[in-house]
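*Asks:* Sharing a structure here in structure tokens format.
The values are calculated or read from the model by the stated rules, or taken from the named source; none is laboratory data. This is a predicted model, so every value here is computed, not measured. Note: ideal-geometry Cβ built from the backbone for every residue, glycine included; neighbour counts use all protein chains shown.
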């Protein structure tokens, strides 16, 4: 499977076929997904029928939309008309009407992408790895004994393994960037509200929708399609001005002021990860950026994040019976019980911490165009566990969840491999609404240090 932009160029020239591309993606699912478990639903017949319609349009010289005939997938958190959306949970009744598309899914259909299926998620997307009581454990394509990350782990597996060009994920505390780092792909959490969401997330305005892809340009193309207002999401913004894909062609890194924070002043980072990220940051210097070693200067906001996250989980399961709760992921039950104990005052205090953090980062970006950090301080660990230390997933994601609190755009791009052959990600963070700037910097890095030649 090649990138979406390359496929479209091939369709345009008559060299490539939407049917062949879709068959290729489905063949990869058939070959690999029994081991990796990236998909919870695949509809090959519908995908091939849509691909055939696309191929006929291309042959007539009448393609419709920016993604006509491009095979993609969607995380099983987002409603998809005609398919179950069980969110990795045994508590959701499959026998109901499934007749609504989430806004992002509707945009894919409007642009005639070929959606081949739904990708796996931890139950209700609650943690940074991907396993659940309904479909089991999702595994890393570079080493199936390791986790692919989460909560958009199935989406990362699909992209890394060539099961389509890009996949839609959700990110409430790192859930696009974590699996992008662990699985060796590009993942982008855009500014909150750039991509509308319906139904509203139980985790409120922490939760963003973003693409995982094999190239930066594919993610930019996806965001060109996905962004913009939807009347069902009162919190969504008006969308971008101009094209994100066009921004990737600017090469506008020279002269940028980039802050590099290797540990936020308090995080313990694996030495191999630290060395690979530092080497990657050096590439920005070679591209002409003014890179400074500086921390953003905030205390770890994990307790405030827990209040908002765990309370959201509790609210999303409040109507369940005791029998249904017994079917849940035990870790999710624990955080729901904790979340139910918080008061309105606790929630407001956490919101105040969030506001202070947002002001801190707003002031920081008056000086620095971008902030670069490791995405995750450790390589991928054993599949099927929440944390290598036995604690909560937030113990090993200190670089990701702060930027859900602040709603800033943040991306993870591959910057190398450990001695064990596991991918490592470098995170690029921009001020709110500077998504094009983040993508331009990532595209320049990708061009200087391309990773596409290495597949798991």
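*Asks:* Could you check how many residues of region 397-424 are assigned to a loop (DSSP other than H, G, I, E, B) and either buried (at least 20 other Cβ atoms within 10 Å of the Cβ) or in contact with a strand residue (DSSP E or B) (Cβ under 8 Å, 6 or more places away or on another chain) (or both)? It would help to see each step written out before you state the result.
*Replies:* In the first step, residues of region 397-424 are kept if they are assigned to a loop (DSSP other than H, G, I, E, B); the result is 397-401, 406-409, 418-422.
Subsequent filtering for residues that are either buried (at least 20 other Cβ atoms within 10 Å of the Cβ) or in contact with a strand residue (DSSP E or B) (Cβ under 8 Å, 6 or more places away or on another chain) (or both) retains 397-401, 406-409, 418, 420-422.
Going through region 397-424 one residue at a time, the tally reaches 13.
*Asks:* Kindly indicate which of 236, 259 is closer than 16 Å to residue 193 by Cα, crowded, with 20+ Cβ neighbours inside 10 Å and touching a helix residue (DSSP H, G or I) at 6+ places or on another chain (Cβ under 9 Å).
*Replies:* Details: 259 fails: closer than 16 Å to residue 193 by Cα.
Criteria check complete, one pass: 236.
*Asks:* While we're looking at this one, here's another question. Kindly list, by first and then second residue, each pair from a residue in region 305-323 that is closer than 13 Å to residue 343 by Cα to a residue that is in a helix (DSSP H, G or I) and modelled with pLDDT under 95, limited to pairs with Cβ atoms under 8 Å and residues at least 6 apart or on different chains.
*Replies:* Close Cβ pairs satisfying both conditions: 308/204; 312/204.
*Asks:* Go through region 264-304 and count every residue that is assigned to a helix (DSSP H, G or I), under 28 Å from residue 340 (Cα atoms) and out of contact with any helix residue (DSSP H, G or I) (no Cβ under 6 Å at 6 or more places or on another chain). Break it down stepwise before answering.
*Replies:* Let us first name the residues in region 264-304 that are assigned to a helix (DSSP H, G or I), namely 271-286, 302-304.
Now narrow it down to the ones that are under 28 Å from residue 340 (Cα atoms): 302-304.
Checking the rest, the ones that are also out of contact with any helix residue (DSSP H, G or I) (no Cβ under 6 Å at 6 or more places or on another chain) come to 303.
Selection size over region 264-304: 1.
*Asks:* So in region 22-39, with the set limited to residues that are within 25 Å of residue 112 (Cβ to Cβ) and free of Cβ contacts under 8 Å to residues at least 12 places away in the same chain, which one is surrounded by the fewest Cβ atoms within 10 Å (Cβ to Cβ)?
*Replies:* Selected residue: 30.
*Asks:* Which numbered condition in (1) surrounded by fewer than 23 Cβ atoms within 10 Å (Cβ to Cβ); (2) farther than 16 Å from residue 171 by Cβ is the only one that residue 394 fails?
*Replies:* The failed condition is (2).
*Asks:* I'd like to know if region 67-82 contains one or more residues that are under 26 Å from residue 195 (Cβ atoms), surrounded by fewer than 19 Cβ atoms within 10 Å (Cβ to Cβ) and over 19 Å from the mean Cα position of the chain (by Cα).
*Replies:* yes
*Asks:* Filter region 303-333 down to residues that are closer than 29 Å to residue 358 by Cβ and surrounded by fewer than 17 Cβ atoms within 10 Å (Cβ to Cβ), then give me how many there are.
*Replies:* Counting residues in region 303-333 that are closer than 29 Å to residue 358 by Cβ and surrounded by fewer than 17 Cβ atoms within 10 Å (Cβ to Cβ) gives 3.
*Asks:* Taking the condition of being surrounded by fewer than 17 Cβ atoms within 10 Å (Cβ to Cβ), within 26 Å of the chain's Cα centre (by Cα) and in a helix (DSSP H, G or I), how many residues in region 361-388 meet it? Write out each step before concluding.
*Replies:* Of region 361-388, the ones surrounded by fewer than 17 Cβ atoms within 10 Å (Cβ to Cβ) are 362-363, 366-367, 382, 384-385, 388.
Adding the requirement that they be within 26 Å of the chain's Cα centre (by Cα) leaves 362, 382, 384-385, 388.
Imposing the further condition that a residue be in a helix (DSSP H, G or I) reduces the set to 362.
So the answer is 1.
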